[in-house]
1. As a quick test, which of the pairs Lys125/Lys266; Lys215/Lys383; Lys102/Lys197 have an alpha carbon distance above 18 angstrom in this structure?
2. D for the chain, whole µm²/s, Stokes-Einstein with Kirkwood Rh over alpha-carbon pairs at 10 °C and 1.306 mPa s: what number?
3. If one takes the longest principal axis of the Cα atoms in the chain, at what angle in degrees, from 0 to 90 and to the nearest 10, does the Cα axis of helix 156-171 lie?
4. Give, rounded to the nearest 20 debye, the magnitude of the charge dipole that region 119-159 has about its Cα centre when Lys and Arg contribute +1 at Cβ and Asp and Glu contribute -1 at Cβ.
5. Looking at region 164-211, which trypsin sites (Lys or Arg not before Pro) are in a loop (DSSP not H, G, I, E or B) and have at most 13 other Cβ atoms within 10 Å?
6. Could you compute the FRET efficiency for Glu165 and Asp87, with r as their C-beta to C-beta distance and R0 at 30 Å, rounded to 0.05?
7. Compute the long axis of helix 108-121 from its Cα atoms, compare it with the longest principal axis of the Cα atoms of the chain, and write down the angle in degrees, 0 to 90, nearest 10.
8. Against the longest principal axis of the chain, how steep is helix 311-321, in degrees 0 to 90 to the nearest 10, with axes from Cα atoms?
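The values are calculated or read from the model by the stated rules, or taken from the named source; none is laboratory data. Just so we're clear, the structure is a prediction, and the values are computed from it rather than from any experiment. Neighbour counts are summed over all protein chains in view; Cβ atoms, including those assigned to glycine, are modelled from backbone coordinates with ideal geometry. Heads up: the accessible areas ignore ligands, DNA and RNA and are worked out on the full protein's heavy atoms, side chains in. Shrake-Rupley method; radii C 1.70, N 1.55, O 1.52, S 1.80 Å.
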Amino acid sequence: MAVDVLLGLQWGDEGKGKIVDVLAPQYDIIARFQGGPNAGHTLIFDGKKFVLHTVPSGIFRREQLNLIGNGVVIDPITLSKELDQLDAAGIDYRGRLFVARKAHMILPTHRLLDAARENAKGERKIGSTLKGIGPTYMDKTGRNGMRVGNLAAPDFKERYERLKEKHLQLVGLYPYIEFDLAGEEQAWFEAVDRLKKLPFVDGEFYINQALEDGKKILAEGAQGSMLDIDFGTYPYVTSSNTITAGVCTGLGVAPQKIGEVIGITKAYCTRVGGGPFPTELHDATGEFLRKEGAEFGATTGRPRRCGWIDLVQLRYTIMLSGVTQLVVTKVDVLNNFETIRAADAYRVDGELSRELPFDLVHENYEPVYTDIDGWNSDLSGTKSESELPDACINYVKFLENKLGVPVTMVSTGPDREELVLRSAGVQVR
Ligand code: GDP
Ligand code: IMO
Ligand code: MG
């Protein structure tokens, strides 16, 4: 048995949550492997909407087990609020939601540091979600972090105090910002008590034993490949590996255990926060996409920047992750276009190039577009390929052709049911 992977190929918010929820019944375990509550994964079904930040998107399928893997950074406060949301909806997660002991925890002062650093950056700020992600991964790689498994240690409180003191010294380097430390700490310790009630596992043994037992596992990515710490638009990135390689370190599975890699792209492109976005539209079309696609952050509510699909960028992230099948989401957002555009190459210093330049922030480049006929009709809720207009099928085939990977699913609306499964595509086991 292998671990299948599902990840975003752009700058995040491709619709990962929805597709994981759709695929979950085909798997035994859904596992998050990186990122933290900077993620906002939206699921809509039976007229209800849920946004998950830490809990894997398999939680609403009652037969499935869910694991928060060692590569994830957990804020007990956010997690506790998510559990409240599940309780309120009558979703029984008890015995179905496991936490890896080696996952690191986000302390209140990680969030304080995140805010102080971003504030001090002014114009150059990353546009972080301010969830403490960067500082927590810094403590992980700096070998100062606190792991879920440490909660059981008798000196846990002393360790917490030591790390907090270090953070407060660092915060002193930046201009003052308002933060109710005492209140946040109280909420954090209460949430930690809640976290302790979830079953902790040695995630690497848990996953490998499950594989040996013939279980099917889906690894759920967060953020997007262009936010990867190594290959994204550095420094405008997040602090984890969001590509397939992150599954190996974020769950403890060997590379040869990776099976299908399902890459998700919107039919256009968005980005939230700062940093380069080559195909961004600063005009009425960009505004139209934001409105039609309801492009506002699921975690922060910020308006997302919108633009055309970027095939140069997608070929890059498909290469990095070894994507074996594609899912194209939000095609319905392009309902009202005579013509759709796709960047198929970049002009870099006057020369045509099909590769991303080293530094998208400073280099001199511009996208070169190909025009495709739009379908100019309402696709919302379409569920079968035969109902899709020819122009839409042509667009999907154009993407397959340009990207060299079959499109197995086309999403036509936010609801779980609004999805076209393509017979032409490779089926997930
Ligand atoms: P994620 O972070 O990748 O899980 O994506 P988000 O949940 O942050 O953002 C995707 C948004 O698009 C959510 O509001 C979804 O409900 C919505 N969505 C997902 N698929 C579709 C689709 O095919 N059409 C439309 N119109 N909305 C979609
Ligand atoms: P999902 O899983 C979109 C962006 C932030 C910021 C940068 C760094 O919902 O796709 P961080 O908080 O990680 O320090 O922020 O990354 N970002 C996301 N953008 N979707 C996400 O997650 C994101 N998580 C982080 O906006 O630009
Ligand atoms: Mg999101």
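1. Flagged as over cut-off: Lys125/Lys266; Lys215/Lys383.
2. In µm²/s, the coefficient is 72.
3. 60
4. Dipole magnitude for region 119-159 comes out near 140 debye.
5. Those satisfying the criteria are Lys196, Lys197.
6. It comes to 0.30.
7. Computed tilt is about 50 degrees.
8. For 311-321 against the chain, the angle is about 50 degrees.
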